[in-house]
Amino acid sequence: MGENSFSRELRLLTPAHFENVFNKAIPAVSPQITLLAKQNNCSHPRLGITISKKRVKKAHDRNRLKRIIRESYRLNQNMLPKADIVVVGKSGLGDLTNPELFTLLSKLWKKLSRRCEQSQSG
RNA sequence: GGAGUUGGCCAGACAAUCGCCGUUUGAAUUGCACUUGUGUAAUUCAAAGGGAGGAAAGUCCGGGCUCCAUAGGGCAGGGUGCCAGAUAACGUCUGGGCGGCGUAAGCCGACGACAAGUGCAGCAGAGAGUAGACCGCCUAAGCGCUGAUGUUUCGACAUUAACGCCGGUAAGGCUGAAAGGGUGCGGUAAGAGCGCACCGCGUUGCUGGUAACAGUAUACGGCGAGGUAAACUCCACCCGGAGCAAGACCAAAUAGGGUUCCUGACGGCGCGGCCCGCGUUGGAACCGGGUAGGUUGCUUGAGCCAGUGAGCGAUUGCUGGCCUAGAGGAAUGAUUGUCCACGACAGAACCCGGCUUAUCGGCCAACUCCAAUA
């Protein structure tokens, strides 16, 4: 397996996983996206994405956003903590261009990993 | 060449790097089966090849498929609505008819019946549905009154003119979206299908057409029957319900059901130092249901392409070739570079046939109108 792959093991697969994260999460917030993270027992981070129909109307746009988020996660997964991460899309997300989204996400990954380290040590 | 109509097609291209999901082939590991070196399943690696649309959308119709219900028929309810055909079927398509628009190619049309019944219609207007007298027109008949003339038995009577009453009248005006066929002549007091001619309408017959419908008449009807059925209704035809979260299979942990067997209440566990006592109830095998989860349904199909036969056409017969996404918190992508016409609307979720809506631009064919040239 390559270093930047993105297999099913790196995703959150069931509603139970999502519920687990929502319960006691470490947040990282921006106007368009909220990241929620929780330590897991795996040796790698796991990703889940939720973008509701209410926030982004067109299925075509939702697909695009998910792909971008996944791609950013895939390229940055080595710096991320071993946690389950849920990306929650908010309204206004659909207006971002792809480069804008990439820079926004890389900022948020850094923020999140810093906070996770703090919570672990403190 | 310009303007336009109809039908069909395409949906940025190429390269590099990094990813995702099926398929095929090869290899390795593990499990299972036995016919002991093969088969099969899972995982990993490598290679090859494939990976959204014309609307994938809205979910507005129709069908397949699945489960449930169902003898047959009727009622209710819903749908469709010129005719014929195509089709698995349709509210779709094709051809035709009728009406409307356009110089034309063409386009548009819920287009059965109000002459079965019931209902509805603001304002204006005299009158709005077995019509109506406001203005206007008329005063022939009937009545009243006045004048004139004539006759006279001086009571009146007759004629005539004006006026009034009782009326007549649907030609004209006014109102309105709409005023109960039109034009002309006759007719009349004035008028009126009151009569006639022609036109229109309807009925009937005949002719052509499968039919819708069209044409026609030494025929019949003076016209009675205005509009509205996306008003009830009538007529003809069609329709069982729910949907892939359908349905089928496997089935953990935990809880729990049934049967049989074992143990046997003198047993085990808890209270207890022990007894009595009190409370509580075991093990195994098999069977059936079934949650989480998994597998399947899941892509070979009313399929696509080419040729050819039938048909005006929708469509269809035959022959040959092709396999062209199959995910599942949901793949089909990202970044960079180059080029150009600078890229719209937009993402499959069981599958098809349509309709509707969104949409940057480009290409092809046929046809129409205008202009010019030879």
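The values are calculated or read from the model by the stated rules, or taken from the named source; none is laboratory data. Predicted model, so just to flag it, every value in this text is computed and none were measured. Positions of Cβ are backbone-derived with ideal geometry, glycine not excepted, and every protein chain shown enters the neighbour counts.
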Worksheet item: Name the pairs whose Cβ atoms lie under 6 Å apart, with the first residue in the range A:87-112 and farther than 16 Å from residue A:51 by Cβ, the second assigned to a helix (DSSP H, G or I) and small (Gly, Ala, Ser), and 6 or more positions between them or separate chains?
Response: A:102/A:72
Practice prompt. Give the range A:28-52 a look and list any residue that's more than 14 Å from RNA strand B (Cβ to nearest atom), of a type outside the set (A, V, I, L, M, F, W, C) and touching a residue at least 24 places away in the same chain (Cβ under 8 Å), or say none.
Written response: A:30, A:31, A:32, A:38, A:39, A:40, A:43
Worksheet entry | Candidates A:78, A:63, filtered to the one that is over 12 Å from the mean Cα position of the chain (by Cα) and within 22 Å of residue A:38 (Cβ to Cβ) | A:78
Practice prompt. Can you tell me which residue within the range A:10-27, out of those that are loosely packed, with under 11 Cβ neighbours inside 10 Å and not in a helix (DSSP H, G or I), is modelled with the lowest pLDDT?
Written response: A:14
Discussion item. Any residue at all in the range A:69-89 that's out of contact with any Cys (no Cβ under 8 Å at 6 or more places or on another chain), at pLDDT 85 or above and charged (D, E, K, R)?
Written reply: yes
Discussion item. Quick check on this structure: which one of A:55, A:74, A:64 is under 16 Å from residue A:104 (Cα atoms) and free of Cβ contacts under 8 Å to residues at least 60 places away in the same chain?
Written reply: A:64
Worksheet item: If you take the residues in the range A:62-102 that are in a loop (DSSP other than H, G, I, E, B) and within 12 Å of RNA strand B (Cβ to nearest atom), which one is surrounded by the fewest Cβ atoms within 10 Å (Cβ to Cβ)?
Response: A:97
Practice prompt. Give just the number: which of (1) more than 17 Å from residue A:31 (Cα to Cα); (2) surrounded by 14 or more Cβ atoms within 10 Å (Cβ to Cβ) does residue A:105 not satisfy?
Written response: (1)
